[in-house]
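For reference, the structure discussed in these notes is given below.
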């Protein structure tokens with residue numbers, strides 16, 4: 001078990017990529033904090049992991065809120081005594097459409113959830129990692145930060161920021177044995193997919209979307225979870241500042 005004895009926070013852990021990561025980490029021996037703004041969803045996911053023999057605890061959190069993130073860290077330390085891994089997976093988007101159709105409130109929300117959350121996780125978890133002598137951040141960015149699709153301008157901007165922040169944090173924190181990496185998934189069949197698609201979510205629109213991925217399918221939570229496991233485990237102890245595409249060739 002690659003994560004035996006480690007504690008991992010996974011934000012947005014109730015569904016989609018986050019749920020896949022939480023399940024995989026627990027199967028590899030980690031004690032998992034399923035953190036999500038959807039409290040009942042986090043409870044259900046943690047219960048499912050526990051039913052399978054894993055260690056998991058639900059925590060409701062708003063990753064864009066300073067007090068809420070502070071409480072997440074405090075609760076995790078109270079439950080587990082330490083934090084070894086933080087996966088910043090929680091994210092949101094605006095509906096695919098004309099760039100001028102995105103109102104200011106939606107823009108603010110997308111940047112708060114996707115970008116401010118990275119700042120808040122660093123502010124509250126870096127001191128813990130420093131005290132412990134190291135730790136690992138994994139940020140879930142997107143191929144949109146490298147190869148934007150039409151209609152997703154502001155979302156793509158947030159993911160470009162996550163990619164740059166990952167590299168900048170890696171440089172700043174390397175001397176303290178704190179590693180920072182990212183994954184750039186191509187779109188998957190998750191609750192956000194309908195927002196990424198232009199127009200209605202129909203089989204025809206989906207197929208056009210899939211046709212832009214050389215390996216011919218959407219990503220799956222387990223695809224992202226397998227890459228995440230490598231990047232947070234000791235197998236990648238000499239890797240930091242990497243933003244790994246898990247995209248079926250989309251960014252080639």
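A few points about this structure:
- When the residues of the range 140-155 are filtered to those that are touching a residue at least 40 places away in the same chain (Cβ under 8 Å) and more than 17 Å from the chain's Cα centre (by Cα), the one that is nearest to residue 230 (Cα to Cα) is 147.
- Taking the criterion of being under 29 Å from residue 178 (Cβ atoms), without any contact (Cβ under 8 Å) to a residue 60 or more places away in the chain and not in a helix (DSSP H, G or I), the residues of the range 39-83 that qualify are 54, 55, 56, 57, 58, 59, 60, 61, 62, 63, 64, 65.
- Residue within the range 129-139 that is within 21 Å of residue 228 (Cα to Cα) and part of a helix (DSSP H, G or I) present: yes
- Close Cβ contacts (under 7 Å, 6 or more residues apart or on different chains) running from residues in the range 105-125 that are on the phi > 0 side of the Ramachandran plot to residues that are in a helix (DSSP H, G or I) and at pLDDT 95 or above are absent.
- If you go through the range 180-196 and keep only what is touching a strand residue (DSSP E or B) at 6+ places or on another chain (Cβ under 9 Å) and surrounded by 17 or more Cβ atoms within 10 Å (Cβ to Cβ), you end up with 180, 181, 182, 183, 184, 185, 186, 187, 188, 190.
- Residue check, residue 177 surrounded by fewer than 16 Cβ atoms within 10 Å (Cβ to Cβ) and closer than 20 Å to residue 229 by Cα: yes
- The condition of being in contact with a helix residue (DSSP H, G or I) (Cβ under 6 Å, 6 or more places away or on another chain), modelled with pLDDT under 95 and more than 16 Å from residue 242 (Cα to Cα) does not hold for residue 120.
- Matching residues, the range 94-104, being without any contact (Cβ under 8 Å) to a residue 60 or more places away in the chain and in contact with a helix residue (DSSP H, G or I) (Cβ under 7 Å, 6 or more places away or on another chain): 99, 102
- Taking first residues from the range 180-197 that are over 14 Å from residue 20 (Cβ atoms) and partners that are surrounded by 23 or more Cβ atoms within 10 Å (Cβ to Cβ) and at pLDDT below 90, no Cβ contact under 6 Å between residues at least 6 apart in sequence or on separate chains turns up.
- Options 134, 91; residue that is under 19 Å from residue 8 (Cβ atoms), exposed (fewer than 15 other Cβ atoms within 10 Å of the Cβ) and in contact with a helix residue (DSSP H, G or I) (Cβ under 8 Å, 6 or more places away or on another chain): 134
The values are calculated or read from the model by the stated rules, or taken from the named source; none is laboratory data. Fair warning: this is a prediction, and the values are worked out from it, not measured in the lab. Here the Cβ is made from the backbone with ideal geometry for all residues, glycine too, and neighbour counts use every protein chain on show.
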